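J.: Questions regarding the structure given below will be posed in turn.
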Amino acid sequence: MSDCDPRDIAIKSFFLGPQSENREWLRRKWIEILDNWITWRASRFPQDGKSIPLKDRESPAFQQSLRRLDAAVNEVLKDLEDETPKFTPRYIGHMVSEISLPALLGHVCALMHNPNNTSREVSRVTSRLEDEAIADLGVMLGFGPEARGHFTSGGTMANFEALWRAIVRMDREIKDQTGLSFLALGPWTFGREFERISGQPFNGPVVLVPNNKHFSWVKAVSLMGLGDEAFWPVALDHEGRLCPRDLRAKIEQAQKENRPILMVVSVAGTTEMGEVDPVNEVQDLLDEQGKNKIWHHVDAAYGAYYASLLDGGELESRLSKPVAKALRAIRRADSVTLDPHKLGYVPYACGAFIARDEEHYRTRHFFADYLHDKNRSRWAFTLEGSRSGAGVTATWLANRALGLNPGGYGRLLAKGLEAREAMVAELRENVPEFHPIEPTDLNILCFNLSYPGGKLSEANELTERVFHQFESSPNFSVSKTILSRPAYKLLIDRLAAERSLEIDTDKWFLLRLVLMNPFIVSRESNTNFVREFVRELKSFLKSR
């Protein structure tokens, strides 16, 4: 980051910094938070007297117990010195990076009170913060403050929540038509009764998900008892995104076979390469269905926060026009998955499921006699029972401190796009073997190392060898992914043609860089991380 722009300087205040530069402020605030919690506890019911008197605290048994605890804590601290240093700009491996200070402090503040957002009875404050944080995220996505949702343990559970609601909606429609409930009877009894009443077999619903899917969708279909055959993959185009033409064909096939379509999924920020499906084209196609409206869920676990750039100005221009159109179209979908613990820079584990309004958020209700606030808490209609308020508070505080707009999160995420552009430029200039996957939509850069005119298997061997050299080196952490046929056939064919590679294998091995850290492009550091990475990559290539 450059000190030329005061807005960039402000972003630096939200992170501890690679060398713990903001340590003094954080230390003071941390002690303030701890003192506040301790004082709050001590002042609640002072008339009750002390349960741990001084004579107990000074006893040999008590002191010995504290020494054991002290030793155990020190052991953990020592062990954690070997943990992956994900805070540094040298970590460009997976979808995790530096935690923002607002999120960290919000998480700690709530953690000390240990709220369980299953019920407002035990989360008076964090349940309110959940309402407000969901509304904030809904506004960012374009749904507006009428959006409804809740926080989850991550994107996988949020995707489950979406499919569950789609099943409930299908069940209501079928019950209106036949008087039978798919959910109440179960698929086997329902199938027999449906055929008895209608004279036709019930072939079961289908879910249409693109081949760039997250693995949670296969899990979801299995978990909901729909059967593997209910999972209908939608083909990808030559750029690795959902193909609207194939989606149309799949919809027509399902209708011809009298298969209810539970849901169509598009992805905004794929796990592998950060690709953004044409959400706008998918929604246009679904709008053609008229009264036969099909639920459209956008799995934006990774890419949702990029909606904070959408103001038509300078930062939005960092996104390609197709990507900006796709992100802007999220507001037209029925529901969204997003993960604050990714590009929200919030501690694990923290995901969110958001529906456009109360009607889309509705599902079956389940009640427990020992919880009385049935109309006010989310426990009756969430898949998870106990849900920590820590992620809620972390997200709420980060939303309010940074701002879900171009001046806040938008400016922060633009740093990742800047880092990607810088990395591509440096690699193009200095590494002839560099062959990127393009277009690159967000801040993930995937590339293969190859020599024009060779074989794909040879390129894979070279790329994999370099990956393992990075694994063995302490200097940079990277990740890998593999594109396989038939899912990525059109993309692989295009890439191979660009490089004049003979396709002699069904797999394309890629190095994967997730450029999340906001300090990768810092101009004040002694190290130019982009050039240093390229220098190390070149040394690996020479060492073959």
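J.: Students often check this: by mean Cβ neighbours within 10 Å, which of 258-264, 24-30 ranks highest, and how do the rest follow?
T.: Averaged packing, sorted descending, gives the order 258-264, 24-30.
J.: How many Å³ per residue does the convex hull of the Cα positions in the range 400-544 occupy?
T.: Expressed per residue, the convex hull around the Cα atoms of the range 400-544 is 131 Å³.
J.: Taking the dipole about the Cα centre of the chain, with the C-beta of Lys and Arg at +1 and of Asp and Glu at -1, give me whichever of VAL392, VAL346, ALA380 is farthest to the positive side.
T.: ALA380
J.: As a test of the definition: which semi-axes, in Å, follow for the chain when you take the square root of five times each eigenvalue of its alpha carbon gyration tensor? Largest first, please.
T.: Equivalent-ellipsoid dimensions as semi-axes: 39, 37, 21 Å.
J.: Counting only the backbone N, which residues of the range 87-120 are under 17 Å from the spot 7 Å out from the Cα of GLU21 toward its beta-carbon?
T.: Taking a point 7 Å out along Cα→Cβ of GLU21, the residues of the range 87-120 whose backbone N falls under 17 Å are 87-91, 98-102.
J.: Give the ranking of SER181, SER477 by solvent-accessible surface, highest area first, calculated with a 1.4 Å probe. Walk me through the intermediate numbers first.
T.: On the way: SER181 20, SER477 40 Å².
Per-residue accessible area, sorted high to low, gives SER477, SER181.
J.: Bin by bin, in steps of 5 Å, what percent of the Cα pairs in the range 4-133 do you find, going until the bin that has the longest distance?
T.: 2, 7, 10, 12, 18, 16, 14, 10, 6, 3, 1, 0, 0
J.: Using per-residue counts of other Cβ atoms within 10 Å, averaged over each peptide, order 338-351, 294-307 from highest down. Kindly include the intermediate steps, with their values, before the conclusion.
T.: On the way: 338-351: 25.3, 294-307: 27.6.
Ranked by mean Cβ neighbours within 10 Å, highest first: 294-307, 338-351.
J.: Solvent-accessible area per residue for the chain at a 1.4 Å probe radius, Å²?
T.: Using a 1.4 Å probe on heavy atoms only, each residue of the chain averages 47 Å².
J.: What does the accessible area of GLU252 come to, in Å² to the nearest 10, when a probe of 1.4 Å is used?
T.: My reading of the accessible area for GLU252 is about 100 Å².
J.: May I ask you to compute the full-extension gain from ASN430 to GLU81, defined as 0.36 nm times their residue separation minus their alpha-carbon distance, rounded to one decimal in nm?
T.: Full extension from ASN430 to GLU81 adds 122.2 nm.
J.: Assuming 0.36 nm per residue, please report the length gained on full extension of the stretch ASP506 to SER181 beyond their Cα-Cα distance. Intermediate results must be reported in sequence, preceding the final value.
T.: Working: separation 325, 0.36 × 325 = 117.00 nm, distance 4.43 nm.
Roughly 112.6 nm would be gained on extension.
J.: Please report, in debye to the nearest 20, how large the charge dipole of the chain is about its Cα centre when each Lys and Arg carries +1 at its beta carbon and each Asp and Glu carries -1 there. Mind dumping the intermediate values first?
T.: Values: 70 positive and 74 negative charges, 173 e Å.
Roughly 820 debye, rounded to the nearest 20.
J.: At a 1.4 Å probe radius, which order do SER484, SER97, SER539 fall into by accessible area, largest first?
T.: SER539, SER484, SER97
J.: Additional query: Add -39500 (n - 2.57) for each DSSP H run of 4 or more in the chain, then divide by its residues: what number comes out at 222 nm, to the nearest 500 deg cm²/dmol?
T.: Values: 18 runs with 243 residues, N = 544.
After summing the helix terms and dividing by residue count, I get -14500 deg cm²/dmol.
J.: When you count, for each residue, the other Cβ atoms within 10 Å and take the mean per peptide, how do 57-63, 138-144 rank with the highest first?
T.: Packing proxy ranking, top to bottom: 138-144, 57-63.
J.: Given all pairs of different Cα atoms, what value in angstroms does the Kirkwood hydrodynamic radius of the range 131-246 take? Let's see the in-between values first.
T.: Numbers: mean 1/r = 0.0603 Å⁻¹.
The answer is 16.6 Å.
J.: While we're on this one: Before anything else, pin down the relative contact order of the range 333-490: Cα pairs under 8 Å, at least 6 apart, normalised by residue count, whole percent.
T.: On the way: 116 pairs, mean separation 17.7, N = 158.
That works out to 11 percent.
J.: Let me ask something else about it. Radius of gyration and Dmax for the range 469-510's Cα atoms, expressed in Å?
T.: 13.3, 36
J.: In whole percent, and with a 1.4 Å probe on the protein chains, what portion of the accessible area of the chain is carbon and sulfur?
T.: 52 percent
The values are calculated or read from the model by the stated rules, or taken from the named source; none is laboratory data. Keep in mind that what you see is a predicted model, and the values were worked out from it rather than measured. Reconstructed Cβ throughout: ideal geometry from the backbone, glycine too, with neighbour counts over all protein chains shown. Heavy atoms of the whole protein, side chains included, go into the accessibility calculation; ligands, DNA and RNA do not. Shrake-Rupley method; radii C 1.70, N 1.55, O 1.52, S 1.80 Å.
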